[in-house]
Amino acid sequence: MATTENPTQAKVSQLLAQWQSDRTLYPNIVYWKQSDPVAAELCPFPEEMDNLLAQGLRNRGIRNLYSHQRESWNAVHEGQDLVVVSGTASGKSYCYLLPILHRLVHSSEEKALLMFPTKALSADQFDEAREWGAFINRSVPGQIRPAMYDGDTPSSQRPAIRANANLLFTNPDMLHLGILPHHTQWEDFFRGLSIVVIDEVHVYRGVFGSHVANVIRRLRRVARFYGRELQFILTSATVANPLQHGSRLIDNPSIRLVDRDGAPRGERNFLFYNPPVINEDLGVRASASGEAMRITSDLFRNRIQTILFSRTRRGVEIILRHLKDRHGDTLGEFRAYRSGYLPEDRRDTERNLRNGTTRVVVATSALELGIDIGGLDAAVLVGYPGTISATLQQSGRAGRGMEPSCAVMVASANPLDQYLVQHPDYFFGRNPENVLIDPDNLLILLNHIKCAMFELPFRKGEQMGSLNQSLLSALLDLLVQSGMVHEGVDQYFWMDADYPASHISLRSSAESTILLQTQNEGKPVTIGEVDELSSYWMTHPDAVYLHGGESYLVENLDFEKKVATLTPFWGDYYTDPVKDIKIERISVLREKEAGQVKISQGEIMVHTQVVGFRRMRWETREIIDTHDLLMPVNTLRTTAYWFQIPTDVIDVLRSDALWRNDPNQYGPAWNAIRTLVKRRDQFRCQLCGVPEGGEISLHVHHKIPFRAFSNAMEANRLDNLVSLCPACHQEAEKNVKIRSGLAGVQYAIHHLSPLTLMCDMADLEAAHDAKASWAAQNASVILYELIPAGIGYAEKLFDTHDELLNDAYDLVSQCPCKEGCPSCVGPAGENGLGGKAESLALMRLLSNVDGRNDLER
């Protein structure tokens with residue numbers, strides 16, 4: 001291997017050296033982790049590999065396989081199910097594509113099914129298979145017949161695909177809705193199906209993963225009907241439990257793990273960057289997006305191809321616009337990648353990244369997955385993505401082969417981000433998260449048994465994977481009693497006229513979409529799409545919608561026609577929606593007293609409504625004005641578990657100064673003091689300079705939090721007060737956030753509940769309120785399901801309340817931190833208080849456990 005440094009290698013190394021000597025930038029790099037290069041672990045092609053495959057690899061410049069590719073080949077050749085775990089751009093696709101092509105070359109009857117979590121990823125891998133098919137078919141005409149089968153496949157093409165394809169690319173939704181219920185139309189395909197690929201299995205988590213596991217059970221059952229036993233190849237990003245998760249997903253405890261990554265890795269630099277403090281008095285830092293753009297501009301000027309990740313679609317567009325304005329993009333060097341873009345636009349961006357035309361792509365997590373976008377040299381993350389696994393995925397987008405790379409995580413003012421940059425060992429010393437699913441959740445399971453029965457009658461005594469036979473029999477009897485199923489002599493038959501799969505969404509997301517249309521020479525042109533629920537806040541009337549770095553003003557939003565009409569906009573502002581969220585209790589299904597606490601389980605309605613929008617200046621984020629708006633209310637009727645805090649417990653905490661949820665009592669002179677402070681500050685925000693007037697009413701902010709003082713007189717000293725506009729006040733509050741005990745208990749229980757429920761954090765939401773509407777104005781913590789009508793999580797939380805509270809107490813009391821951290825009650829603001837002592841005191845009183853001197857910690 002040549003040792004001469006290539007141009008990209010030199011550019012990355014030179015820029016890193018420049019940053020080290022830049023006095024305005026280097027002090028903000030609070031942690032720099034450098035990983036040494038790792039040479040490739042190579043293996044020869046298998047002796048049994050077909051010569052056509054070997055020649056195809058050599059044509060691509062490949063003379064050997066990486067060790068994980070060769071181990072995967074061996075496992076498939078031996079008939080084993082396997083899960084492959086390796087880094088980004090490590091050639092995972094060849095772990096399944098090569099053995100499948102080998103099998104198809106040697107048999108005209110064999111078929112393979114390849115399942116990807118998104119259409120974009122499926123289309124990306126389909127292109128690779130199509131190239132291989134064209135190469136092989138030149139020697140063996142018609143031997144490889146790849147096809148895409150998803151919701152975008154034209155109806156006219158579907159019969160030919162069902163009749164001819166032997167390499168089928170699809171997604172779990174289409175398998176669930178369009179293939180399994182109509183398996184009789186796929187008889188030839190199923191009679192030859194022998195191997196199934198499930199790519200990116202770490203995506204299949206929580207409710208979504210539990211649904212997909214049952215779809216796999218149904219797939220196995222249909223395949224057995226046609227006389228086939230299936231072999232599975234799974235691929236995954238780095239997670240804590242790939243073997244356990246893969247086993248549960250395909251219902252096979254003897255799956256093989258391939259996790260010795262043989263791909264080469266160049267020097268990798270991972271930097272934690274904390275934006276500089278721009279106001280010492282308030283502790284306010286420069287914006288994360290602004291600093292990320294500064295870093296990205298450096299990378300762009302040094303011709304280092306970069307991906308910049310933003311957590312929101314709006315963030316992507318704002319950053320893209322600023323970068324284009326700053327650098328005058330006319331050649332397509334800056335592009336965006338997110339949901340809402342048309343498929344052809346996303347594919348065009350992928351091609352431009354591979355051929356080097358696009359040098360900076362600003363993306364959401366849509367580009368976390370293994371879509372082929374060529375060799376990138378740098379990744380910039382705006383804020384912590386939320387999990388260690390997602391951070392590794394995003395940062396892993398930088399670094400191809402032996403070339404050096406860098407990834408920079410720019411911390412936001414969010415307390416979690418600030419904790420990580422101040423405690424980097426917490427991040428680098430922990431394993432990625434577990435992926436949890438529960439295929440036997442009763443409501444999910446019952447729905448898929450209905451689907452399975454629609455597909456094929458159940459024989460009495462028939463097994464459905466590892467599902468307990470007595471449970472299966474009980475559920476079948478339940479369906480008989482409902483009238484949906486008829487019990488025959490030796491079989492159960494579906495009798496209902498309904499088509500059960502059509503009522504089950506694997507992802508529990510909105511299906512309806514709004515087309516985004518503008519005019520071109522008097523004709524409507526569709527530039528993108530957005531799901532209907534998101535349209536309430538993204539494309540409401542008079543919203544400024546950002547697409548491809550360009551601004552559009554929304555003239556009309558027509559829900560009947562499913563169209564938002566846009567017109568180009570060149571104003572100097574963007575819009576920010578104002579949302580109102582209310583939780584309404586509908587009914588209490590169960591209630592009990594446990595020690596000092598009243599526990600409830602019931603139905604709630606969560607009302608979310610866009611009630612207005614703010615117009616914000618591009619450069620300063622200054623609020624120009626606020627407009628009222630009433631969009632349709634999005635209602636989620638679901639189930640919840642909550643507990644309320646007795647007043648005598650609050651009185652005990654209050655007497656010990658351990659209750660921070662009472663409203664601040666600023667004192668009788670507060671109104672006069674506020675006026676005096678604003679007059680001193682000349683009625684201008686002391687951070688951004690916006691004047692008071694019109695829609696803007698200035699706030700008066702305590703630099704040191706009011707709650708940190710023993711009395712109002714000390715807290716309200718003029719030198720501790722400053723005038724801020726609402727937006728700047730919100731930023732300043734993040735810095736001095738004081739976490740209450742009630743918030744800390746909510747945080748701990750919310751983060752522990754997935755382990756109890758075997759679900760994902762995203763399946764649940766939590767809230768707390770000192771005067772909760774759902775608990776008769778009493779202090780309360782609530783956890784509710786984000787799935788309409790719920791799937792039994794709230795019921796299980798109600799049943800395990802004591803265990804959950806005790807586990808939370810043990811977690812917090814045994815955590816070595818002093819004030820609170822992401823592992824226990826959550827971090828406070830950078831200069832705030834974490835509320836650990838308050839949380840422990842509250843849980844000790846609620847659960848009647850021995851405090852063991854926790855308050856002295």
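Cβ distances below 4.7 Å define possible disulfide partners, and in the chain the cysteines left without one are 43, 95, 406, 451, 688, 728, 759. The largest-to-smallest principal axis extents of the Cα set in region 42-258 are 43, 43, 32 Å. Considering only protein heavy atoms and a probe of 1.4 Å, how much of the accessible area of the chain is carbon and sulfur, as a whole percent? Exposed carbon and sulfur together represent 48 percent of the surface. Between 0 and 90 degrees, the angle of helix 119-139 with respect to the longest Cα principal axis of the chain falls at about 20 degrees. Calculated on C-alpha atoms, the gyration radius of the chain divided by its Kirkwood radius gives an Rg/Rh of 0.97. When the chain is described by a simple charge dipole with +1 on each Lys and Arg Cβ and -1 on each Asp and Glu Cβ, the residue from 439, 378, 499 located farthest towards its positive end is 378.
Sparsely packed loop sites in region 389-453 (the trypsin sites (Lys or Arg not before Pro) outside DSSP H, G, I, E and B with at most 15 other Cβ atoms within 10 Å) comprise 430. Since only 821, 171, 37 are under comparison, the one whose Cα sits farthest along the positive direction of the charge dipole of the chain, derived from C-beta charges on Lys, Arg, Asp and Glu, is 37. Pairs of Cα atoms nearer than 8 Å and 6+ residues apart set the relative contact order; for region 650-856 it is 21 percent. The dipole here belongs to the chain: it is taken about the Cα centre, uses +1 on the Cβ of Lys and Arg and -1 on the Cβ of Asp and Glu, and is about 1280 debye. The C-alpha atoms of the chain define a longest principal axis, and helix 726-735 lies at about 80 degrees to it.
For region 650-856, the calculated P(r), taken from all Cα-Cα distances in 5 Å bins from zero up to the bin holding the longest distance, is 1, 7, 13, 16, 16, 14, 11, 9, 7, 5, 2, 0 percent.
Helix 469-482 and the long axis of the chain differ in direction by around 80°, with both axes built from C-alpha atoms. For the cross-link pairs 592/771; 796/818; 561/796; 678/818; 92/562, the ones whose C-alpha atoms lie over 30 Å apart are 796/818; 561/796; 678/818; 92/562.
Taking a ≥ b ≥ c as the square roots of the Cα gyration tensor eigenvalues, with a/c under 1.5 meaning rounded and otherwise prolate when a/b beats b/c, else oblate, which class fits region 555-617? Oblate shape, in that a/c is at least 1.5 and b/c is the bigger or equal ratio.
Evaluated with a Cβ-only charge set (Lys, Arg +1; Asp, Glu -1), region 96-175 carries a dipole of roughly 260 debye about its Cα centre, given to the nearest 20.
Exposed loop sites here are GluC sites (Glu not before Pro) assigned a DSSP state other than H, G, I, E or B and surrounded by at most 13 other beta carbons within 10 Å; excluding them, the longest clear run of the chain is 281-510. Evaluated over the Cα positions of region 513-571, the convex hull gives a direction-averaged projected area, one quarter of its surface, of 3.8 nm².
Between the C-alpha center of region 125-177 and that of region 406-476 there is a gap of 29 Å. Think of the chain as a dipole: +1 on every Lys or Arg Cβ, -1 on every Asp or Glu Cβ, centred on the Cα centre; then among 183, 727, 755, 727 lies furthest on the positive end.
Our summary of shape: the Cα atoms of region 514-634 have principal axis extents of 69, 36, 23 Å, ordered from largest down, in whole angstrom. With R₀ set to 22 Å, the beta-carbon distance separating residue 719 from residue 683 gives a calculated FRET efficiency near 0.70. Helices in the chain, meaning DSSP H runs of at least 4 residues, each add -39500 (n - 2.57). Divided by all residues, the mean residue ellipticity at 222 nm is -10500 deg cm²/dmol.
The values are calculated or read from the model by the stated rules, or taken from the named source; none is laboratory data. The model shown is predicted, which means the values in this text are computed figures rather than measured ones. Cβ sites come from the backbone with ideal geometry, for glycine too, and all protein chains shown count toward neighbours. Keep in mind that these areas ignore ligands, DNA and RNA; they rest on the heavy atoms of the full protein, side chains included. Shrake-Rupley method; radii C 1.70, N 1.55, O 1.52, S 1.80 Å.
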